[in-house]
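Heads up: the structure comes next, in structure tokens.
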Amino acid sequence: MSVAVTSFVIFAASQIGTPGPANMALMGTGARFGFRAALPFVAGVALGKQFVIWPVGFGLMELSARAPWVFEVLKYVSAAYIIWLAWKVANLRLGQGRDLGKPPGFVAGLIVHPLNPKAWAMIIGGFTAFVGPGTPPLNATLTIAAILLALQVILHPLWTLAGDRVARTLAGSPAEPYLMWTLAALTVASVLFVLFASRAV
């Protein structure tokens, strides 16, 4: 057996390309610091998902079956962290060209997906729904990891670039606070959706 590659690509693209905590962080970073300055952060976010994919592919799901409370705690701690980040985004103001401090770098990007409940739900869903029974763990994990990384390399920079372009248009305008609150609200909504969806399963 093997991975249903075409179906998984469609599923993964729909997940990676839609609003979520990571994409909101990317968009906010691009808006705050500009596209080029945000690229190390983008690279960290893309590679950080591998820290979730490989442990899940090599047995973390068995631990989930034996001690589900561990993942429940992790899920809510992660959600609280993302909501806290959303609060910070809501209170940020754009301002390319001003003294903004240093943008988040590669290492900061690495922790985004390990603390992102949407990423965990997507990856676990990928292994359970698109990997055939009896598929060797290495083959399954390598396939899923490669597909997700390829899609992230394409889609994550687009969110960052969108933030950069929006900032150039709205920075300093009356619409700026509303944009930041909207980004924060979308981030919180995406986290709450994942939490309630996982409880309904």
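Only the coordinates and a few stated rules stand behind these numbers; no lab work does. As the structure is a prediction and not an experimental result, all values here were calculated from the model. Cβ atoms come from the backbone with ideal geometry, glycine included; neighbour counts cover every protein chain shown.
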> Given 0.36 nm per residue, what is the gain on full extension from residue 80 to residue 165 after removing their alpha carbon distance, in nm?
Replying inline: 27.7 nm
> Once you put a point 7 Å from the Cα of residue 146 and another 7 Å from the Cα of residue 2, both along the Cβ direction, what distance in nm separates them?
Replying inline: 1.0 nm
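Sort the following peptides by mean Cβ neighbour count (other Cβ atoms within 10 Å, averaged over residues), highest first: 147-158, 21-32.
Descending mean neighbour count gives 21-32, 147-158.
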> By how many nm would the segment from residue 158 to residue 138 lengthen if fully extended, with 0.36 nm per residue of separation less the alpha-carbon distance?
Replying inline: 4.2 nm
> If you add up the charges near residue 164, with Lys and Arg at +1 and Asp and Glu at -1, over every other residue whose beta carbon is less than 10 angstrom from its beta carbon, what do you get?
Replying inline: +4
>> At 7 Å along Cα-to-Cβ for each site, give me the label-to-label distance between residue 69 and residue 13 in nm.
In response: 4.3 nm
